[in-house]
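S.K.: What follows is a single structure, and I will ask about it in a moment.
The values are calculated or read from the model by the stated rules, or taken from the named source; none is laboratory data. Note that the structure is a prediction, hence the values are computed from the model and not measured. Virtual Cβ from ideal backbone geometry, glycine too; neighbours counted across all protein chains shown. Side chains are part of the model used for accessible areas, which takes the heavy atoms of the whole protein and leaves out ligands, DNA and RNA. Shrake-Rupley method; radii C 1.70, N 1.55, O 1.52, S 1.80 Å.
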Amino acid sequence: LLSPIISLLIGNRFSVESRTLRVLRRQTALSQAMAGGGFVSSSAGGTEFEAKITPIVIMSCIMAATGGLMFGYDVGVSGGVTSMPAFLEKFFPVVARKTQDPTLNNSNYCKYDNQGLQLFTSSLYLAGLTATFFASYTTRTLGRRPTMLIAGLFFIAGVVLNAAAQDLAMLIVGRILLGCGVGFANQAVPLFLSEIAPTRIRGALNILFQLNVTIGILFANLINYGTAKIKGGWGWRLSLGLAGVPAVLLTLGALLVSETPNSLIERGRLDEGKAVLRKIRGTDKIEPEFLELVEASRIAKEVKHPFRNLLKRKNRPPLVISIALQIFQQCTGINAIMFYAPVLFNTVGFGSDASLYSAVITGAVNVLSTVVSIYSVDRLGRRKLLLEAGVQMLLSQVVIAVVLGIKVTDHSDDLGKGFAVLVVIMVCTFVSAFAWSWGPLGWLIPSETFPLETRSAGQSVTVCVNLLFTFVIAQAFLSMLCHFKFGIFLFFSGWVAVMSVFVFFLVPETKNVPIEEMTDKVWAQHWLWKRFVEEDGDVEMEGRVGVNGKGNGSNGVDYSS
């Protein structure tokens, strides 16, 4: 379904900008030495390579992005099953009694305040955090494709345990295995998409991952709405078991897609890398791009300690921005709403069916808004989407807080039809803003700003920080809701204001900038970040080039750094 949409939006033929490395433009001797072999030093605008949007690129990206489908389903399904009475009675009888007997609650906001219930949701993300460290190694040494295959196998194992769970321990172990799948998928899939996608549609294709996350959430909400009506109390097993569908899709996709040229070249398989590059570009004129990838890989291999190199001064701009984006993404409150949407709507006075139905509506808005992002991210740019969404999310959360503060008290949850509709509209307004901005761009910007030599380590840090704060929010939200009450939305809106200021001053535009030209075209042009790359670049030049233009090495070039 996405292939014709993308083809209509951007056409079938375009030019891919060069990924010439900044270091090559500095090392004049090296550029001249390689020019005769077809390696051309980049101009300010970059060398242009002819390419097509080939079916294999579209299909590879869609299949790879099913990792997002699995992730989204796991996010959406947990909130639905935790609002089902049969599930609560089997695994969380204390919570079941509190939801059925209002006299046991000190407040309407505290119905679901239970650490075990929150652990069911959050354990997935803690496991994902741990698995990310191993996924970084497999992504670098085995490749992106095998790492996606490992993720699929973890997902399948977790689904089997969850669907067949007989006690809380079995349930939690299943969630932990699913978390391992999330860690491996979130490490490999964004890298795969960034490396296989041509530069000018890198943003659109990368957002396929986030689009599949939103589709997974919507499917989970629809399935929960249906299985909640099944008599006999086993509907929750079907909800958890159907997660096997995206798990199998991801596994099959990992078996069918091609490895990225970057990964093959990085591991010394040059002939295979060239063949794949020719296949995905749809042209035989791939020699200049291939040579650049080879040179990028050579320089990357000289970095023996990628995580230590990540801390170097020149790498601080992408590192700081990537970490901040992950923290801010979770502090919008989006995952609190996505995890617990049925529980949240139930808490503020919706009936069981109405709460699940409202969650379906927000899930549908999430999907449609992510499609908007695919269309606009490479046209409007990253900054405009982030800043517009900040205003929209801030206003919607303030309105929700005011309505709940007036109508939902500790012992009264009579919203009334008009205010109930207003709450759902405001939640949808908030979700739509997130879905075309902080959702996809929180993953896209880090994946396209780290240089090759630190990209795997940078992506690992990005995923770790994201999963850490996802775990914190998931584990704390129901308790925060109990203590903050309607003020929880004011808490998140305050963070939205802070992150919007951060974007305005510190996040530069990366639209249509080749990954390996970020330093010269983005960081070196920014009012703050240029201080880091320029000072580090001066030291780098002094170490490489003498006063007469001769390098410290015997051939005029010093490769040590």
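S.K.: Less than 13 Å from a label point 7 Å out along the Cα-to-Cβ axis of W234: which backbone N atoms in region 85-127 qualify, by residue?
M.R.: none
S.K.: Further question: Hey, got the dipole for region 190-329? About the Cα centre, +1 on K and R Cβ, -1 on D and E Cβ, debye to the nearest 20?
M.R.: With only Lys, Arg, Asp and Glu charged at Cβ, the dipole is about 480 debye.
S.K.: S479 versus V402, label points 7 Å from Cα toward the beta carbon: distance in nm?
M.R.: 3.2 nm
S.K.: Would you please give the FRET efficiency between R298 and E534, computed as 1/(1 + (r/R0)^6) with r the Cβ-Cβ distance and R0 = 22 Å, to the nearest 0.05?
M.R.: Efficiency computed from Cβ-Cβ geometry: 0.35.
S.K.: Sticking with this structure for a sec: Contour minus end-to-end for D284 and K511, with contour as 0.36 nm per residue of separation and end-to-end as the Cα-Cα distance?
M.R.: 79.0 nm
S.K.: Here is a further query. Taking the Cβ of G268 as the centre, find all other residues whose Cβ is under 11 Å away and add up their charges (Lys, Arg: +1; Asp, Glu: -1).
M.R.: Result for the local shell: +1.
S.K.: What translational D, rounded to a whole number of µm²/s, comes out for region 394-454 from Stokes-Einstein when the hydrodynamic radius is the Kirkwood one over Cα pairs, at 20 °C and 1.002 mPa s?
M.R.: Stokes-Einstein gives a translational diffusion coefficient of 153 µm²/s.
S.K.: Could you state the accessible area per residue of region 143-184 in Å², with a 1.4 Å probe and every protein chain left in place?
M.R.: Accessible surface, normalised per residue, equals 32 Å².
S.K.: With r as the distance between the Cβ atoms of W527 and V421 and R0 = 51 Å, compute the FRET efficiency 1/(1 + (r/R0)^6) and round to 0.05.
M.R.: Calculated transfer efficiency: 0.65.
S.K.: OK, next. Which order do the peptides 184-195, 397-408 come out in when sorted by mean C-beta neighbours inside 10 angstrom, highest first?
M.R.: 184-195, 397-408
S.K.: Taking 0.36 nm per residue of separation and subtracting the Cα-Cα distance, what length does fully extending H305 through Q115 add?
M.R.: Net length gain for the segment: 64.5 nm.
S.K.: At 1.4 Å probe size, with the rest of the protein present, what percent of the exposed accessible area of region 323-379 is carbon and sulfur atoms?
M.R.: Summing carbon and sulfur atoms, their accessible area is 71 percent of the total for region 323-379.
S.K.: Considering only protein heavy atoms, with the full assembly of protein chains and a 1.4 angstrom probe, order K312, K285 by accessible area, largest first.
M.R.: Result of the area sort, largest leading: K285, K312.
S.K.: Report, in listed order, any pair from K52/K511; K279/K511; K312/K530 with a Cα-Cα distance greater than 23 Å.
M.R.: The answer is K279/K511.
S.K.: Okay, moving on. Which whole-Hz ³J(HN,Hα) couplings does region 127-138 yield from phi under the Karplus relation 6.51 cos²θ - 1.76 cosθ + 1.60, θ = phi - 60°, glycine and proline marked x?
M.R.: The phi angles translate into 5, x, 4, 5, 5, 4, 5, 6, 5, 4, 5, 5 Hz.
S.K.: Run the 1.4 Å probe and let me know the accessible area of I230, rounded to the nearest 10 Å².
M.R.: The accessible area of I230 comes to roughly 50 Å².
S.K.: Within the accessible area of region 148-267, what % is carbon and sulfur when the probe is 1.4 Å and the other protein chains stay in place?
M.R.: Answer for region 148-267: carbon and sulfur cover 77 percent of the accessible area.
S.K.: Given C-alpha coordinates of region 317-406, what is the ratio Rg to Rh with the Kirkwood estimate of Rh?
M.R.: Across region 317-406, the Cα-based Rg/Rh ratio is 1.03.
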